[in-house]
Amino acid sequence: MSQTVEITRDDLIRFENLLTTAIHDAAIRQDGDHTVALSVIFAEFEADFDNFDNGIVSLNDVAWSEHFTAYEALLDAKPAPVINVLTDVISARSVIGLFEALRDGQIRLMFDDGQAIAERYLAETGITFGGGDYYEHMSFIMIWVYFMTGIRVSEGLALTWKDINFKSKQLSITHSLTRLNADDVKVFGDLKTISSERIISLDDDTIALLKDWKTIQKAHGAHSLVMSYNDKPLYRSTVARIIKRHAQLAHVPVIEGKELRHSHVSYLINEFNADVLIVSKRLGHSDPSISLKHYGHLWHTNDQQLTDKMTGNIQINTAKSKLVHFNGNQHIRKK
């Protein structure tokens, strides 16, 4: 692709999806060399794409053709196998992966409208994460951890396996990710406040998912960062794109990464009637009043829940005969 060709943001998104799919396929084939080579191209492309998204560079400031050429050269050296939809696709991809590929036009059926079939299936099932897919598995773990812990985006991006104690089922928040520029990442940056350093208890479902993810991640050569597929920290804009991609697939409103923190609070209060002290501690607020200020409206139903519990809690038993001897007062005279 020549540098003289005008590049649009849609072109970059299509190339990003192409690279992601290629990495997925290489991982499924257990082709380690191909996966690593594609991941390097993807990481370099993502760095430029994030700089563009963040307004650091313009479309004309980056030689996008270098990324395209690197990918084409890799294909020429080791082309990806062609998938025969009717015979090989189920063994090469999960069923969900098949529908995603059909929807995105990466493979086509010889009959009917594959894209329409895929859209209908994904809409009806609400499933957007492809089973057996390494990058999508990471995306799922990322969203799950943010939702189930309420940690800040920067805290999650700096999360390492050393921060998770599987025996005590606890997560330690001691650092956050600070990115000064595209090449300077300070993983162990300062937390937002002193009280942000905290220990969060983890539920058994999250522990099981993290154990499984750690094993899968290790098989792909990643050993340190939890929310990573190549042991390099994700960009905040990558987090945003992952959330947006799956929100659109699930036909739900698109939210920002930090809003998963709010979703966690809503989940705790509405489902478990968590008190303000527990919520404040999990969020790392310096004072419970901060939690009340931002989330006080979520406790508005607690009064009704309380009265529901009060109903029938006290049993009323009346005496069989009068025990009080009342002689009257100035308004009521005993006759």
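The values are calculated or read from the model by the stated rules, or taken from the named source; none is laboratory data. Bear in mind the structure is a predicted one, so any value in this text is a computation, not a measurement. Note that each Cβ is placed from the backbone with ideal geometry, even for glycine, and that neighbours are counted across all protein chains shown. We work out accessible area using only protein heavy atoms, side chains counted, and drop any ligands, DNA or RNA first. Shrake-Rupley method; radii C 1.70, N 1.55, O 1.52, S 1.80 Å.
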Determine how large the accessible area of residue 321 is when every protein chain is in place; take a 1.4 Å probe and give Å² rounded to the nearest 10. 70 Å²
Accessible-area composition of segment 246-306, carbon plus sulfur, in percent [1.4 Å probe]: 58 percent
With every protein chain present, what is the per residue accessible area of segment 190-282 (1.4 Å probe, Å²)? 54 Å²
Net charge within 14 Å of residue 292 by Cβ-Cβ distance, Lys/Arg positive one each and Asp/Glu negative one each, not counting residue 292 itself? 0
My understanding is that a pair violates if its Cα-Cα distance is over 18 Å; which of 162/218; 167/211; 281/309; 162/232; 162/281 do that in this structure? 281/309; 162/281
Tell me the accessible surface of residue 56 in square angstrom (1.4 angstrom probe, heavy atoms of protein chains only), to the nearest ten. 110 Å²
Largest first, how would 138, 148 line up by accessible area (1.4 Å probe)? 148, 138
Could you work out the local net charge near residue 241, counting Lys and Arg as +1, Asp and Glu as -1, over the other residues with Cβ closer than 11 Å to its Cβ? -1
With N denoting the number of residues in segment 196-301, provide Rg(C-alpha) divided by 2.2 N^0.38 Å, to two decimal places. 1.27
How do 9, 282, 198 rank by accessible surface area computed with a 1.4 Å probe, from largest to smallest? 9, 282, 198
Computed label-point distance, nm, for sites residue 40 and residue 13 using a 7 Å Cα→Cβ extension: 3.0 nm
